[in-house]
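All remarks here apply to the structure that follows.
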Amino acid sequence: MKAFWSEFVEGAFLSSRHVRKALALQLLQLLLPVLVPDMVPVLLSKQLLGCMHTALKDDGSYLHASAKRCLVSWPPMGCA
């Protein structure tokens, strides 16, 4: 999973146009409900979080709705 995410999502999708960034956010949204704790730092990379941050700052952003859906679909996590 780490190699896939690094190669395709960060390498190809997040460094490309908005359509591919939206695809990266959709993949994240699909994986969030089944994400094991060890994979959190892999999927929530600095590059992906930066993309989400930029998209969420501007309501008119092409990626705003996709980024917001990711936040809404985030599973609840308890504190240890």
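Side notes on the structure shown:
- One residue stands out in region 58-69 among those that are within 12 Å of the chain's Cα centre (by Cα) and open to solvent by 50 Å² or more (accessible area, probe 1.4 Å): the one that is farthest from residue 33 (Cα to Cα), namely 68.
- Qualifying position, being part of a helix (DSSP H, G or I), among the β-branched types (Val, Ile, Thr) and more than 13 Å from the chain's Cα centre (by Cα), among 72, 19: 19
- Unique match (being in contact with a helix residue (DSSP H, G or I) (Cβ under 8 Å, 6 or more places away or on another chain) and modelled with pLDDT of 90 or more) among 71, 25: 25
- Count - residues of region 1-25 that are open to solvent by less than 90 Å² (accessible area, probe 1.4 Å) and either closer than 20 Å to residue 69 by Cα or in contact with a strand residue (DSSP E or B) (Cβ under 8 Å, 6 or more places away or on another chain) (or both): 10
- Among the residues of region 31-47, the ones that are within 13 Å of residue 71 (Cα to Cα) and surrounded by 12 or more Cβ atoms within 10 Å (Cβ to Cβ) come to 3 in all.
- Given (1) open to solvent by 60 Å² or more (accessible area, probe 1.4 Å); (2) in contact with a His (Cβ under 9 Å, 6 or more places away or on another chain); (3) small (Gly, Ala, Ser), index of the condition residue 55 fails: (1)
- Figure legend. Inter-residue proximity from region 14-30: first residues under 10 Å from residue 73 (Cβ atoms), second residues of a type in the set (Lys, Arg), beta-carbon distance below 9 Å, spacing 6+ or different chains. Indicated pairs: 29/69.
The values are calculated or read from the model by the stated rules, or taken from the named source; none is laboratory data. The structure displayed is predicted, hence computed values, not measured ones. Every residue, glycine as well, gets a Cβ built from its backbone with ideal geometry; the counts of neighbours run over all protein chains shown. SASA here: full protein model, heavy atoms, side chains in, ligands and nucleic acids out. Shrake-Rupley method; radii C 1.70, N 1.55, O 1.52, S 1.80 Å.
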